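The next block holds one structure in the form of structure tokens; read it before the comments.
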Amino acid sequence: MTTWTSISNAAVAVGAIPSSATVTALRDNPSAIAESASGAPVMVSGWHPVDKVTIGDGKAGLIYDFAVNGTVATIDTPDFQDGYEYRIVGCDLRSNSASDGRLNFGAYFETDGWMRLKYTSNNVESAYYFGCDIELLTPRISKRTHLAVGLMYRNGSITGEGIDSDSYQTPAQKLLKARLYFSNGSIVGGKAYLFRRREYASSP
């Protein structure tokens with residue numbers, strides 16, 4: 001793998017004479033970026049943790065960890081930014097309710113507030129583990145319908161998923177953020193991650 005080398009401003013300032021090390025870095029750094037070498041900037045055109053800036057910075061896009069955050073009613077993402085698509089991954093989420101219910105995925109429509117977009121079939125018990133891998137494509141383009149693309153599971157089985165009629169809204173609007181929650185009970189286990197990638201249709 002090609003090594004990433006940071007280049008100081010002084011090395012490329014007006015009147016500076018580039019050293020062989022600087023010239024080598026100018027040659028190799030594009031390859032290092034493409035290969036995701038340690039220290040290189042993130043390639044924003046591919047899925048990457050929402051908080052990651054450089055390769056090797058330790059950021060993983062973790063937005064919820066029961067061991068750290070404890071019991072919560074909902075897992076809310078940070079606000080979405082123009083120019084990006086988002087992907088939410090929920091791992092082994094559990095509810096503290098023994099009643100029938102669903103793991104729900106919702107999004108915040110900027111005009112109308114929270115709407116459920118996607119959900120699992122009924123059947124929540126405290127021993128069950130739920131999760132998801134869901135993409136929101138072009139959430140920052142104003143549309144009447146925003147689709148949540150991906151799968152949700154319970155105990156390793158793909159459940160009877162549904163798309164809620166609330167996903168159609170008038171007027172057309174952007175999505176601001178997303179949410180995972182159970183229809184009964186609070187979240188008492190698991191982790192959730194948020195990833196993003198660059199798109200240009202909603203760029204400012």
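Of all residues in the stretch 57-77, those satisfying the criterion of being touching a residue at least 12 places away in the same chain (Cβ under 8 Å) and of a type in the set (Val, Ile, Thr) are Ile63, Thr71, Val72, Thr74, Ile75, Thr77. Listed by first and then second residue, the pairs linking a residue in the stretch 23-51 that is closer than 15 Å to Thr2 by Cβ to a residue that is part of a loop (DSSP other than H, G, I, E, B) and among the acidic types (Asp, Glu), with Cβ atoms under 9 Å apart and 6 or more places separating them unless they lie on different chains, are Gly39/Asp57. For the stretch 59-101, the set of residues classified as part of a loop (DSSP other than H, G, I, E, B), buried (at least 18 other Cβ atoms within 10 Å of the Cβ) and of a type outside the set (Gly, Ala, Ser) consists of Thr77, Phe80, Arg94, listed by residue number.
Within the stretch 190-204, the set of residues being outside any strand (DSSP E or B) and modelled with pLDDT under 95 comprises Glu199, Tyr200, Ala201, Ser202, Ser203, Pro204.
Determine, yes or no, whether Gly39 is part of a loop (DSSP other than H, G, I, E, B) and surrounded by fewer than 13 Cβ atoms within 10 Å (Cβ to Cβ).
No.
Within the stretch 19-33, not a single residue is out of contact with any strand residue (DSSP E or B) (no Cβ under 9 Å at 6 or more places or on another chain), exposed (fewer than 14 other Cβ atoms within 10 Å of the Cβ), under 30 Å from Lys177 (Cα atoms) and not β-branched (Val, Ile, Thr). For the stretch 182-196, the tally of residues that are surrounded by 18 or more Cβ atoms within 10 Å (Cβ to Cβ) and closer than 22 Å to Pro49 by Cβ stands at 8.
Residues checked against (1) closer than 30 Å to Arg94 by Cβ; (2) more than 21 Å from the chain's Cα centre (by Cα):
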site	(1), (2)
Thr24	no, yes
Glu35	no, yes
Pro41	no, no
Gly46	no, no
Asp51	yes, no
Leu62	yes, no
Phe66	yes, no
Gly70	yes, no
Ala73	yes, no
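The requirement of being at pLDDT below 90, charged (D, E, K, R) and over 17 Å from Thr138 (Cα atoms) is satisfied by Arg102.
The values are calculated or read from the model by the stated rules, or taken from the named source; none is laboratory data. Because the structure is a prediction, the values reported are computed rather than measured. Cβ atoms come from the backbone with ideal geometry, glycine included; neighbour counts cover every protein chain shown.
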